[in-house]
Amino acid sequence: MKTFDIQNVKDTRSGFGAGLSELGKSNPNVVALCADLTGSLKMDAFQKDHPDRFFQVGIAEANMIGLAAGLAIGDKIPFTGTFANFSTGRVYDQIRQSVAYSEKNVKICASHAGVTLGEDGATHQILEDIGLMKMLPNMVVINPCDYNQTKAATIAIAEHKGPVYLRFGRPAVPNFTSATDKFEIGKALLLNEGTDVTIFATGHLVWKAIEAGHQLAAKGISVELINIHTIKPLDAKAVLESVRKTKAVVTAEEHQMHGGLGDSICQLLARELPTPVEMVAVNDSFGESGTPDELMKKYGLESEHIVAAVERVMARK
């Protein structure tokens, strides 16, 4: 299993803030809107440097989406920012009707996704957002794995014409991708070649999958590891090429089992290449209050759970 160099440990929301700040300097059409969470979304630098292009809408997320849709009509590129729960569940009607339906060029940027939000509990820990957003026609869904990739994704989506959902989080995670890598929407990244099983991971679970890969290598299991940072559009070619070789799949995500990455992989394989699959995800449950580490363990999202899933699917080959 390949060894990855950890440059530092940083939260992915800071990658979003850095990317937005860079866009503010390079693209005068980029505007930012925030629902009273400027510090939490790391949008401070953009606000300070471009006060004329920053709109603090207060705790009024539905209004924020409506404003963003209007700005897009005027050829601006609006980036909205709030917690993932409030970016999707609270404003789904506005996103569906005012953004996705008419393919508005709005970038919905969502922090504090998943159980790693921690102590704020189930009412803030949305685990259904990827499913909600990927079901919308015209919506691109991106879930980067670390600081560098989140920064690169933030910059890349400004060039994409159409609605995008960009998901990131609060916990500090290993930052191991290159700061110079170009982010390609819809292009899966092969992190390690293997022959026995393919692990498709997204977001914070990519590093957990890397840890699992090293544990599995010690057991003589050769892991092919692929970072699916873009859940929609899914890189079907990369998925099928890998699975034809390994003939066994594990998916890993900090999201509900229903409607997430695993669901997308299974739909593709059911149509094109029926294959044994195990999914590491939250199994039809809400979260609860606790530290991120406690919750990751309780809901089965640690590297040890990926190892166990690989062992189960290998027995089914």
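The values are calculated or read from the model by the stated rules, or taken from the named source; none is laboratory data. Fair warning: this is a prediction, and the values are worked out from it, not measured in the lab. With ideal geometry, Cβ positions are generated from the backbone for all residues, glycine too; neighbour counts draw on all protein chains shown.
Residues in the stretch 202-220 include at least one that is of a type in the set (Ser, Thr, Tyr), at pLDDT 95 or above, within 27 Å of Asn138 (Cβ to Cβ) and assigned by TED's automatic domain parsing to the domain that holds Glu311.
Taking only the stretch 80-91 into account, find how many residues are closer than 15 Å to Leu67 by Cα and either assigned to a helix (DSSP H, G or I) or among the hydroxyl-bearing types (Ser, Thr, Tyr) (or both). Walk me through how you get there before you give the answer.
Within the stretch 80-91, the first condition is being closer than 15 Å to Leu67 by Cα, and the residues that meet it are 80-82, 87, 91.
Checking which are either assigned to a helix (DSSP H, G or I) or among the hydroxyl-bearing types (Ser, Thr, Tyr) (or both) leaves us with 80, 82, 87.
The total comes to 3.
In this structure, does Gly162 turn out to be part of a loop (DSSP other than H, G, I, E, B), in contact (Cβ under 8 Å) with a residue 12 or more places away in the chain and at positive phi? Don't jump to the end; show me each part of the working.
Working: part of a loop (DSSP other than H, G, I, E, B): yes; in contact (Cβ under 8 Å) with a residue 12 or more places away in the chain: yes; at positive phi: yes.
Yes; evaluated as a whole, the condition is true for this residue.
Among the residues of this structure, Ala156 counts as one that is surrounded by fewer than 24 Cβ atoms within 10 Å (Cβ to Cβ) and more than 15 Å from Glu254 (Cα to Cα). Every condition in (1) modelled with pLDDT under 95; (2) among the charged types (D, E, K, R); (3) at positive phi holds for Asp284 except the one numbered (1).
Which residue is surrounded by the fewest Cβ atoms within 10 Å (Cβ to Cβ), if the candidates are limited to the stretch 258-277 and must be more than 14 Å from Val313 (Cα to Cα) and polar (S, T, N, Q)? Taking the candidates together, the pick is Gln267.
Of all residues in the stretch 272-287, how many are touching a Phe, Trp or Tyr at 6+ places or on another chain (Cβ under 9 Å) and not hydroxyl-bearing (Ser, Thr, Tyr)?
As a first pass, look at the stretch 272-287 and keep what is touching a Phe, Trp or Tyr at 6+ places or on another chain (Cβ under 9 Å): 281-283, 285, 287.
Then keep just the ones that are not hydroxyl-bearing (Ser, Thr, Tyr); that gives 281-283, 287.
Within the stretch 272-287, residues that are touching a Phe, Trp or Tyr at 6+ places or on another chain (Cβ under 9 Å) and not hydroxyl-bearing (Ser, Thr, Tyr) number 4.
Strands (runs of 3 or more DSSP E) wholly in the stretch 183-284 with at least 1 residues that are touching a Leu at 6+ places or on another chain (Cβ under 8 Å) and within 14 Å of Gly131 (Cβ to Cβ) - which ones? The qualifying strands (runs of 3 or more DSSP E) are 230-232, 249-256, 277-282.
Looking at Ala188, Ala156, which one is closer than 30 Å to Gly74 by Cα and of a type in the set (A, V, I, L, M)? Reasoning before the result, please.
On the way: Ala188 fails: closer than 30 Å to Gly74 by Cα.
From the options Ala188, Ala156, the qualifying one is Ala156.
For Lys104, the requirement of being on the phi > 0 side of the Ramachandran plot, outside any helix (DSSP H, G or I), surrounded by 15 or more Cβ atoms within 10 Å (Cβ to Cβ) and not acidic (Asp, Glu) is not met.
Scan the stretch 1-37 for residues that are of a type in the set (Ser, Thr, Tyr) and over 30 Å from Lys208 (Cβ atoms) and report the count. Selection size over the stretch 1-37: 1.
From the set of residues in the stretch 26-62 that are of a type in the set (D, E, K, R) and touching a residue at least 12 places away in the same chain (Cβ under 8 Å), which is surrounded by the fewest Cβ atoms within 10 Å (Cβ to Cβ)?
Within the stretch 26-62, the subset of a type in the set (D, E, K, R) is 36, 42, 44, 48-49, 52-53, 61.
Within this subset, residues satisfying the condition of being touching a residue at least 12 places away in the same chain (Cβ under 8 Å) are 36, 42, 44, 49, 53, 61.
Values: Asp36: 15, Lys42: 23, Asp44: 14, Asp49: 12, Arg53: 18, Glu61: 24.
So, considering only residues that are of a type in the set (D, E, K, R) and touching a residue at least 12 places away in the same chain (Cβ under 8 Å), the one surrounded by the fewest Cβ atoms within 10 Å (Cβ to Cβ) is Asp49.
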